[in-house]
Every structure is written in structure tokens, then in C-alpha cells.
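The values are calculated or read from the model by the stated rules, or taken from the named source; none is laboratory data. Only a predicted model underlies this, so the values are computations on that prediction, with no experimental measurement involved. Note that each Cβ is placed from the backbone with ideal geometry, even for glycine, and that neighbours are counted across all protein chains shown. Heads up: the accessible areas ignore ligands, DNA and RNA and are worked out on the full protein's heavy atoms, side chains in. Shrake-Rupley method; radii C 1.70, N 1.55, O 1.52, S 1.80 Å.
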Amino acid sequence: MLIGAGISAESGVPTFRDAGGLWEGHAVDDVASPDGFERDPDTVLRFYDARRRALASVEPNAAHRALAQLETERGDDLLVVTQNVDDLHERAGSRNLVHMHGELARARCTACEARPAWSADLLDRPPCPVCGERMLRPDVVWFGEMPYGLDRIEQAVVACDVFVSVGTSGQVYPAAGYAALAAAFEARTVELNLESSEGLVPFDDARTGPATVLVPAWVD
Ligand code: BV8
């Protein structure tokens, strides 16, 4: 299952491209690219500190819980690949999970590459718990950076029988190319989305509605 920001929308986590999205007031390149971080690290650190703090005030919703329930039933037959950086899948109980764009709840040390779990702010440059250097950044994959877990994801996409895309506008690569890859390997492709995305290839089954309705219905 490939997950996008739409699954967390009903938990109160703003999506990116819908009106009032996260990047409102911020040019994407200023807050989600290495150049933006180099140009103005404080603005980027403030942007992610605010989003990390907001995690404490949101909860997983019925869609996250349905995926965790499906994992208890299907075990390793299910892999959840999320583009989201929130921790709502984990808090709902999902474990077979790849955060291909990283995690708000983790920092990354640019001195020693450690990726410690992290809940505090990074703006005041706290020391890395591993090497002590004050070189921590959000452990989030910015545009132009290599996403996490690509080998594991591609193996699952080419091997799966059913590929389900949930709540993503399908505009960011390489994630946006996975439905076409799954279809090329004879998987059945399904989209559960508030509005259907105009993907590279049409889904075999495209259902529109809120994730908290469509995902539990899919799981049942
Ligand atoms: C890379 C982290 C090198 C930061 C993000 C071709 C191949 C490879 C790369 C590229 C390529 N072409 C272009 C590229 C470069 C680039 C790219 O894709 N650019 C785009 C803009 C064209 N990609 C990269 O740079 C990636 N890295 O390419 O490395 C490489 C080369 C080859 C092969 C491999 C690697 C890195 C991209 C990662 C960028 N980081 N986020 C942060 O989170 O702050 S991306 C960002 O967008 C988020 O992660 C987000 O998840 C993601 C996608 O957005 P969506 O999740 O889809 O959210 P969106 O708001 O767009 O849509 C909301 C959806 O929800 C809608 O469909 C809506 O209908 C639905 N919805 C709303 N409410 C509900 C709902 N659905 C259900 N219920 C509801 N209630």
C-alpha cells in the first residue's frame, strides 16, 4: 500500500497541495530542499519544529487503525509505504512500514549520520546524542535527496498481487511511478482517494471518498 498525505487529513494534519496546505506561505524550494536549508536553516528548522510539535496534538484515525488491523491479519503479506513524515501509522500499531520520505519524529546528524528518535526542537542546535556535534537536521527527505528504502519498496511493488494507493496526488517521484510499475508486473491496482489522481496509468479500481470511510471498507 502506497500512502499519501490524504490519510492523515482527517486527523488534522494538513496536506500539501490542497487549499491551506502545509507549504502555504512557504515556497516548496525554501523549506523542502537542501539548497533552502543551506540558504536559511532557521526558517527550515522552524518549519519542521512547528510540524513536529503539532504531532502531539493529533491522533491516528480509522484509516490508520484499519491498516494496523490488516497487518495483524495479513502479517508480512502487507507492506505500508508512506510518503508521510507523521508518526500516525506507528501510533495506530503498524510495524511493516517504510517512511520513504523520512520522519518528523527523527533527527539526522550531518556529522555522524546517526538518526536518533527526536521530539524536541532543532532550532537551538542541540548536540547529537551520539557524537555531540551540533549538526542535527530533520530526518526528512527533501527534493533532490534519495528517498529511504527504495530497494525494499521496489521488490514489494514488483512482487505484489494488489497495489493500493491511498490519499496521494501522485505528483512526487519515484513514489508516483509505483502504480505503473505494479501494473507492469500484473498486479491489480486500486486507488482510494478523495478525488481521483490523474496517474500515469488508470487504476483498475478507483474509489473516491474520505480515507476514514474507504480504507476500513477496503480492509473489511
Ligand atoms: C529523488 C518530505 C533521486 C518533506 C517530500 C523522476 C524520478 C525520480 C525523481 C524525480 C522524477 N521526476 C522528478 C523528480 C524529482 C522530485 C519530484 O518528484 N519532483 C516533482 C515535484 C516533479 N523527486 C525527488 O526529488 C525525490 N528524490 O528523486 O531522488 C532519485 C532519482 C531516481 C530514482 C530515485 C531517486 C524526493 C521527493 C521527496 C520530497 N519530500 N516530503 C516534507 O514532508 O515536508 S514530498 C511531499 O509530497 C510529502 O512527502 C508528501 O507526502 C508528498 C506527496 O504529496 P501527497 O502525499 O500526494 O500530498 P498532496 O497534498 O499532494 O495530495 C493530497 C492527496 O490527499 C490528494 O490526492 C487529495 O485528494 C487527498 N486527500 C485529501 N483529503 C483526503 C484525501 N484522501 C482521502 N481522504 C481525505 N480525507
Relative contact order for the range 1-74: what is it in percent, counting Cα pairs under 8 Å that are at least 6 residues apart? 26 percent
So if each residue of separation counts as 0.36 nm, and I subtract the Cα-Cα distance between residue 196 and residue 40, what length gain in nm does that give? 52.6 nm
Length gain on complete extension for the stretch residue 207 to residue 186, per 0.36 nm per residue less the alpha carbon to alpha carbon distance? 5.6 nm
Expressed as a whole-number percentage, the relative contact order of the range 153-196 with C-alpha contacts under 8 angstrom and at least six residues apart is 52 percent
Contour minus Cα-Cα span, residue 74 to residue 59, at 0.36 nm per residue, comes to 3.0 nm
Assign unit charges at the C-beta atoms only (+1 for Lys and Arg, -1 for Asp and Glu), then state the dipole size of the chain relative to its Cα centre in Debye, rounded to the nearest 20. 500 debye
Round to the nearest 0.05 the FRET efficiency obtained for residue 95 and residue 161 when R0 = 22 Å and r is the Cβ-Cβ distance. 0.55
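Using Cα pairs closer than 8 Å and at least 6 residues apart in sequence, work out the relative contact order for the chain, in percent.
22 percent
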Which is the longest part of the chain that has none of the GluC sites (Glu not before Pro) sitting in a DSSP loop with at most 15 other Cβ atoms within 10 Å? 25-112
Based on the alpha-carbon set only, what is the convex hull volume of the chain divided per residue, in Å³? 119 Å³
Eigenvalues of the alpha-carbon gyration tensor of the range 67-123, times 5 and square-rooted, give semi-axes in Å, largest first, of 26, 12, 9
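Enter the accessible area per residue of the chain (Å², integer; probe 1.4 Å; all protein chains in place). It would help to have the intermediate numbers written out before the result.
Numbers: 10630 Å² over 220 residues.
Counting only protein heavy atoms, the per-residue value for the chain is 48 Å².
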Given the options 155, 171, 69, state which has the largest fluctuation in a GNM of the chain using a 10 Å cut-off (strictly under) for Cα springs. 155
Among 92, 50, 206: highest mean-square fluctuation, GNM of the chain, C-alpha pairs under 10 Å: 50
